[in-house]
Amino acid sequence: MRKYFFPLGLLLCALLLAACAGCDADGMGTLADFSKPYAGLYRCETLTAGGKEMADRFDYVTLELKGEGDFTLAYRTKEGLGGSVEGKYVMDLERGTLVLSKEGPLRTANYLFRVQDGALCGDFNFNGMLLHAVFRTP
């Protein structure tokens with residue numbers, strides 16, 4: 001019985017080497033591209049509009065980055081009004097940026113966030129005033 005395991009093991013190794021011979025390690029990307037360590041739920045800890053803190057007006061504002069490149073931004077005000085926005089995202093770990101894209105009927109809106117110390121920081125023009133948002137994992 002033992003004399004059959006050695007040749008069978010060699011055959012299995014040869015088949016694995018043959019299968020991996022066509023693999024291109026450079027084209028596979030990085031471990032971070034594969035594992036997506038940034039995917040998950042982020043909570044808004046700072047939301048400033050026109051210099052006034054607005055986060056205390058909300059029960060929650062969350063940003064969920066899903067592994068497939070989709071995001072969901074959900075919120076609920078203290079008055080009980082809420083909603084969500086969905087779209088696509090692209091994370092560039094080398095540049096330290098996150099771009100959220102939301103398709104509208106006439107155009108696609110893109111929002112750029114900087115990745116700083118594990119937080120997502122963005123500054124946007126909202127109704128003529130500066131909106132500053134910081135999201136962090138809980």
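Rule-based calculations on the coordinates, nothing more; no lab input. As the structure is a prediction and not an experimental result, all values here were calculated from the model. Reconstructed Cβ throughout: ideal geometry from the backbone, glycine too, with neighbour counts over all protein chains shown.
So who's got an amide H within less than 5 Å of the one on T77, skipping anything under 5 residues away but keeping other chains? H placed 1.01 Å off N, in plane.
Here D59, G82 satisfy the definition.
Which length gain, in nm to one decimal place, applies between E103 and A49 when the Cα-Cα distance is subtracted from 0.36 nm times their residue separation?
Here the answer is 17.1 nm.
Between their Cα atoms, which of K52/K78; K66/K102; K52/K102 are more than 19 Å away from each other?
K52/K102
With each label point set 7 Å from Cα along the Cα-Cβ vector, what nm distance links A39 and D117?
If labels sit at A39 and D117, their model points lie 2.8 nm apart.
Report the label-to-label distance for F124 and E64 in nanometres (one decimal), using points 7 Å from each Cα along the Cα→Cβ vector.
1.9
Mind checking segment 77-121 for trypsin sites (Lys or Arg not before Pro) that DSSP puts in a loop (not H, G, I, E or B) and that have at most 12 other Cβ atoms within 10 Å?
Hits after loop and neighbour filter: K78, R95, R107.
Given a Förster distance of 30 angstrom, what is the FRET efficiency for N110 paired with L81, based on the Cβ-Cβ distance and rounded to 0.05?
0.70
For A74 and K88 in the same chain, what is the full-extension length gain: residue separation times 0.36 nm, less their Cα-Cα distance, in nm?
Between A74 and K88, full extension yields 3.6 nm more.
What does the charge count near F126 come to, summing +1 for each Lys or Arg and -1 for each Asp or Glu among other residues with Cβ under 15 Å from its Cβ?
Result for the local shell: +1.
Loop-only GluC sites (Glu not before Pro) in segment 47-138, please: DSSP not H, G, I, E or B, and at most 10 other Cβ atoms within 10 Å.
In loop regions of segment 47-138 (DSSP not H, G, I, E or B), the sparsely surrounded GluC sites (Glu not before Pro) are E68, E79, E94.
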